[in-house]
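Undergrad: What follows is a single structure, and I will ask about it in a moment.
The values are calculated or read from the model by the stated rules, or taken from the named source; none is laboratory data. Given the structure is predicted, the values throughout are model-derived calculations rather than measurements. Note that we place each Cβ from the backbone using ideal geometry, even for glycine, and neighbour counts take in every protein chain shown.
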Amino acid sequence: MNIAFIGTGNVAWHLTQGLEQVGHQIVSVYSRHPDHAATLCKQLYDAQIKYDLDFTETNADIVLVAVADDALAQVIDSLILPDEIIVAHTSGSKPMQIFEDYPYHCGVFYPLQTFSKQHPLNLSEVPFCIEASSNRIEDILLQLAKSLSDRVYLINSRERSILHIAAVFACNFVNHLFVQSKDILDQAGIDFDILKPLIRETVQKALQTDPKMVQTGPAIRNDRQIIEQHLAYLQKSDVDKRRIYQLLTESILNF
C-alpha cells in the first residue's frame, strides 16, 4: 500500500519504518515543522516532505494521522482529501467519530505500545486495535495491521478508551513510580541498578499470573509499623512522594 503520514513523533517514527520493512511505501510525511519531516524522510526509501494538508493530488491509498491527541481535531479539520482515500488515526483515546467530515472512509489504527525513537521495537509483538467505518475499510486496515503484527484486534471506540485508561496505569504510572524510586535512591547516593533485578522479577510475575495473586509488601501484610516508618521518612524528604505512597498503600489495603 502507498501510505501518507501526518506526524513525526515517536509513533510515526516506528510505524513508517516498520511499514516500509514489510513492503509498503511511505509516499509523504507532513509535519508542522518541515525539518522534522525531513529528518524522518531520511530514514525512509523515497518519502517526500509534505508542506500542507491538501492531499487531493496524492497517490496514497491511506493517510495515517499520528499526532498528539490535543492536536488531532485541528489537523483533521484542516485535511483536504479525495473521496476515495482512507484516513485513520493512531490515538488510543480519541473516538473514530472525530472524522465526522469523512464518515465513509475512516478508521482507527491504534498500536498499543509505548514508543521512544531511541529504543528499538519489535512491531510484530505490538497489539494493533482496529476500528473502521465499513467492512471494506475494516478489511483494508486489518490487512495493513496483520502485515506488521501477529496481534490484531477489532476494538470499538468505547473499548479503546477503557483500554487506554488501563494502559496508562500499566505503563505511564508504573514508569513514573520507577522515576520516583530512582529519585529516592539518588538523594541517598544509592545506585538505581540495585533495584533492577527486583523490577524484572515483579514484571515477570505480573505477566505470568494474575497480578493480584503476587502482590507483596507492607500494605498487603497490613504492616502498620513499617508503613508509618516509611511515611515519616518521606514526610521529611518529599511530601509529594509521601502522598503517592499513602494513596497507593490505601488502595492496596482497600482492594
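Undergrad: Tell me which of these ASP223 doesn't satisfy, since it passes every other one: (1) out of contact with any Gly (no Cβ under 9 Å at 6 or more places or on another chain); (2) more than 30 Å from LEU141 (Cα to Cα); (3) loosely packed, with under 14 Cβ neighbours inside 10 Å.
TA: In the conditions (1) out of contact with any Gly (no Cβ under 9 Å at 6 or more places or on another chain); (2) more than 30 Å from LEU141 (Cα to Cα); (3) loosely packed, with under 14 Cβ neighbours inside 10 Å, ASP223 misses (1) alone.
Undergrad: Hey, among ALA12, ALA66, ALA88, ALA60, which residue is at pLDDT 95 or above and more than 20 Å from the chain's Cα centre (by Cα)?
TA: ALA60
Undergrad: Applying the selection to region 60-73, what residues are surrounded by 11 or more Cβ atoms within 10 Å (Cβ to Cβ) and either without any contact (Cβ under 8 Å) to a residue 40 or more places away in the chain or not assigned by TED's automatic domain parsing to the domain that holds HIS33 (or both)?
TA: Once the filter is applied, which keeps residues that are surrounded by 11 or more Cβ atoms within 10 Å (Cβ to Cβ) and either without any contact (Cβ under 8 Å) to a residue 40 or more places away in the chain or not assigned by TED's automatic domain parsing to the domain that holds HIS33 (or both), region 60-73 yields ASP69, ALA71, LEU72, ALA73.
Every residue, every condition in (1) small (Gly, Ala, Ser); (2) modelled with pLDDT under 95; (3) more than 16 Å from the chain's Cα centre (by Cα), yes or no:
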{"position": "SER78", "(1), (2), (3)": "yes, no, yes"}
{"position": "PRO82", "(1), (2), (3)": "no, yes, yes"}
{"position": "GLN97", "(1), (2), (3)": "no, yes, yes"}
{"position": "GLU100", "(1), (2), (3)": "no, yes, yes"}
{"position": "CYS106", "(1), (2), (3)": "no, no, yes"}
{"position": "GLN118", "(1), (2), (3)": "no, yes, no"}
{"position": "PHE128", "(1), (2), (3)": "no, no, no"}
{"position": "VAL152", "(1), (2), (3)": "no, no, no"}
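Undergrad: Also, I was wondering about something else. Could you tell me which of the residues GLU131, GLU125 is surrounded by 19 or more Cβ atoms within 10 Å (Cβ to Cβ) and acidic (Asp, Glu)?
TA: GLU131
Undergrad: Somewhere in region 237-252, is a residue at positive phi, of a type outside the set (D, E, K, R) and in the same structural domain as ALA170 (by TED's automatic domain parsing)?
TA: no
Undergrad: For VAL87, are the conditions met, namely being β-branched (Val, Ile, Thr), under 24 Å from HIS36 (Cα atoms), crowded, with 20+ Cβ neighbours inside 10 Å and in contact with a Ser or Thr (Cβ under 9 Å, 6 or more places away or on another chain)?
TA: no
Undergrad: Then there's this: Can you tell me which residue in region 1-30 is surrounded by the fewest Cβ atoms within 10 Å (Cβ to Cβ), limited to those that are touching a Ser or Thr at 6+ places or on another chain (Cβ under 6 Å) and not in a helix (DSSP H, G or I)?
TA: VAL22
Undergrad: While we're on this one: What tally of residues in region 31-59 results from selecting those that are in a loop (DSSP other than H, G, I, E, B), touching a residue at least 24 places away in the same chain (Cβ under 8 Å), surrounded by fewer than 15 Cβ atoms within 10 Å (Cβ to Cβ) and of a type outside the set (Ser, Thr, Tyr)?
TA: 3
Undergrad: Are there any helices (runs of 4 or more DSSP H) wholly within region 183-255 with 3 or more residues that are within 24 Å of ALA170 (Cβ to Cβ), and if so which?
TA: 196-208, 218-221, 239-254
Undergrad: Looking at region 164-182, which of the residues that are farther than 17 Å from PHE115 by Cα and in contact (Cβ under 8 Å) with a residue 40 or more places away in the chain is nearest to the chain's Cα centre (by Cα)?
TA: LEU177
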